[in-house]
Structures are given as structure tokens and as C-alpha cells.
Amino acid sequence: MTATTPSTALATVQPVFTEAERLALAGFLAGYRGLTREAYTLDLRQFTAWCRTRSVSLFAVRHADIETYARDLEANGRARAAVTRRLCTIAGFYKHAVEEELLEHSPAGHVRQSGLAPTSRGRQAAARRR
């Protein structure tokens, strides 16, 4: 039997977000309150978790990553309105980061809101507008 000596070495923990990412998240959410803030917090929590599972930092996200995230949501059965809201939240977050000069440009510009075909109700409404 071998004896082990207790170690006094500390394990280093890598922070989940950089300082700039934390500032952007906190600053964006500070502009909202109540249920809106709760919904935006959930949207960003789910998006950041998705990014972490793919080892992509929040400020290294590219346009294609956001498109892929939206397609993943759709593939998992999320309603078009839910996907659209999450993409709007993400776009707002990145817009805030750019306005605060924490990020050079937004990767969320021109992200398609949904790849799904319009519903019959949507087609009927579009026909009435013509």
C-alpha cells in the first residue's frame, strides 16, 4: 500500500467569460427589468451554454454560429416565435457590445429569423397585404 501526501496546490479555474463579455452581458441586461429581463437572461444563458458546448467564446462567435444555433433550435422543435425572440435577444446583446465599444462588429447582423416556410396563416396575411 502506498501512502499519498495531501497536496496544497490550488486548482486554477478558467473563467467562463472574459471581463469584456461580463460587462456586455451585465450592461445589456441592466437595460431591462421584470419579465423582459428574465426572458432575455434565459435566452442569453441558453445561447452561452450552446457556445460553451462548442468551445466558442462569446466574443469569438461568428455569423455562421448564430445561424447554426437558430437551425439547432428549429431542429429541436422550438416554435418560430421562440427562435425569433432568441435571435432578437442575441442581436440586441451584440449591438449593445458594439455600442459600448466592447466588440468591433456584431456577428448577428442579417441573421435569418427562421428557415421555416411561412404558415398558412402567414401566407394568407401576406396575400391580403398585396
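The values are calculated or read from the model by the stated rules, or taken from the named source; none is laboratory data. Treat the numbers as computed from the prediction; the structure is a model and nothing was measured. Heads up, the Cβs are rebuilt from the backbone with ideal geometry, glycines too, and the neighbour counts pull from every protein chain shown.
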Open item on the list: Take the residues in region 63-118 that are polar (S, T, N, Q) and part of a loop (DSSP other than H, G, I, E, B); name whichever of them is modelled with the lowest pLDDT.
Closed with: SER114
Open item on the list: Among the residues of region 30-45, what is the count of those that are surrounded by 15 or more Cβ atoms within 10 Å (Cβ to Cβ) and either touching a Cys at 6+ places or on another chain (Cβ under 6 Å) or polar (S, T, N, Q) (or both)?
Closed with: 1
Open item on the list: If I filter region 89-107 for residues that are surrounded by 15 or more Cβ atoms within 10 Å (Cβ to Cβ) and more than 21 Å from ALA26 (Cβ to Cβ), do I get at least one hit?
Closed with: no
- [ ] All but one of (1) exposed (fewer than 13 other Cβ atoms within 10 Å of the Cβ); (2) charged (D, E, K, R); (3) within 12 Å of the chain's Cα centre (by Cα) hold for ARG54, so report the exception by its number.
- [x] (3)
Open item on the list: Please count how many residues of region 74-88 are surrounded by 13 or more Cβ atoms within 10 Å (Cβ to Cβ) and under 24 Å from GLY31 (Cβ atoms).
Closed with: 7
